[in-house]
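Enquirer: Before I ask anything, here is the structure I am working with.
The values are calculated or read from the model by the stated rules, or taken from the named source; none is laboratory data. Just so it is clear, the model here is predicted, and its values are computed rather than measured. FYI the Cβ positions are ideal-geometry reconstructions off the backbone, even for glycines, and counts take in every protein chain you see. What goes into the accessible areas is simple: the full protein's heavy atoms, side chains included, and nothing from ligands, DNA or RNA. Shrake-Rupley method; radii C 1.70, N 1.55, O 1.52, S 1.80 Å.
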Amino acid sequence: MFDEDRLRRILSRMLDEDEFLGPHGICSLSRYHAAHPYTFEVHGETYTVGYLPAESDSGMFGGNSNWRGPVWFPVNLLLIRALLNLHAYHGDDFTVECPTGSGRRLNLYEVAREIFSRLTSTFLHDADGRRPVHGAQPKFAKDPHWKDLILFYEYFHGDNGADLGASHQTGWTGLAAVTATLFHLVGAGDWGALREEPLS
């Protein structure tokens, strides 16, 4: 358990675009570690963990960076669920800066919706008509037979949203479709009404 002060401190880091909040969701490691890798020694060996938003810089983990920077939908969806529960408890008057340092204050329902909007932007056309999920793959971006084929990849590039890992992760990344329906059907007032009965 944590009080409001600790919750605000946690969210100020999580919602900082120089740390965890990326253009396509919450990253698995803070961007701070791109310039400041975490280094430690064990039995005379030095080990370093840095921010790697996509592929690993070593073959130790099979070529991907796993939890060192990419966006993972299951973690983001758990955070969204937690924020909705916290909104049901704290109500509309509890607001935080989102993104941190922007001066824009949102309640926790609105923060959850902001994170979800960043997740779904991975699959939507950007200003140039490209879907971030397709990355630099011209066949998926331009070919009429492929450009509207959207696959739910295992995880996504922490900085640009490009697809990474297995391409058919409908078990967790596919939850994006369900969550979209949730935000269209349930408003902030509906979550506020649950203040006495938080979601289980």
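Enquirer: Those residues that are among the aliphatic types (A, V, I, L, M), over 16 Å from V71 (Cα atoms) and either touching a residue at least 24 places away in the same chain (Cβ under 8 Å) or open to solvent by less than 80 Å² (accessible area, probe 1.4 Å) (or both), I need them from region 137-185; list them, please.
Expert: Pass one, region 137-185, residues among the aliphatic types (A, V, I, L, M): 141, 149-151, 162, 164, 166, 175-178, 180, 182, 185.
Filter once more, keeping what is over 16 Å from V71 (Cα atoms): 141, 149-150, 177-178, 180, 182, 185.
A141, L149, I150, A177, A180, L182 - these are the residues of region 137-185 that are among the aliphatic types (A, V, I, L, M), over 16 Å from V71 (Cα atoms) and either touching a residue at least 24 places away in the same chain (Cβ under 8 Å) or open to solvent by less than 80 Å² (accessible area, probe 1.4 Å) (or both).
Enquirer: Could you check how many residues of region 4-24 are touching a strand residue (DSSP E or B) at 6+ places or on another chain (Cβ under 7 Å) and either in a loop (DSSP other than H, G, I, E, B) or at pLDDT below 95 (or both)?
Expert: Matching residues across region 4-24 total 3.
Enquirer: Do you know which of the residues in region 126-136 that are of a type outside the set (G, A, S) and part of a loop (DSSP other than H, G, I, E, B) is surrounded by the most Cβ atoms within 10 Å (Cβ to Cβ)?
Expert: Taking the candidates together, the pick is R131.
Enquirer: In addition: Cβ contacts < 8 Å: first residue more than 15 Å from W72 (Cβ to Cβ), restricted to region 108-132; second residue aromatic (F, W, Y) and modelled with pLDDT of 95 or more, any location; separation 6+ or different chain. Result?
Expert: From region 108-132, the pairs are L108/F94.
Enquirer: Collect the residues in region 68-100 that are of a type in the set (G, A, S) and under 18 Å from the mean Cα position of the chain (by Cα), keeping them in residue-number order.
Expert: G69, A82
Enquirer: What residue, among those in region 17-33 that are in contact (Cβ under 8 Å) with a residue 24 or more places away in the chain and among the small types (G, A, S), is surrounded by the fewest Cβ atoms within 10 Å (Cβ to Cβ)?
Expert: Ranking the candidates gives S28 first.
Enquirer: Of the numbered conditions (1) within 22 Å of G189 (Cα to Cα); (2) touching a helix residue (DSSP H, G or I) at 6+ places or on another chain (Cβ under 6 Å), T100 satisfies every one except a single condition; which is it?
Expert: (1)
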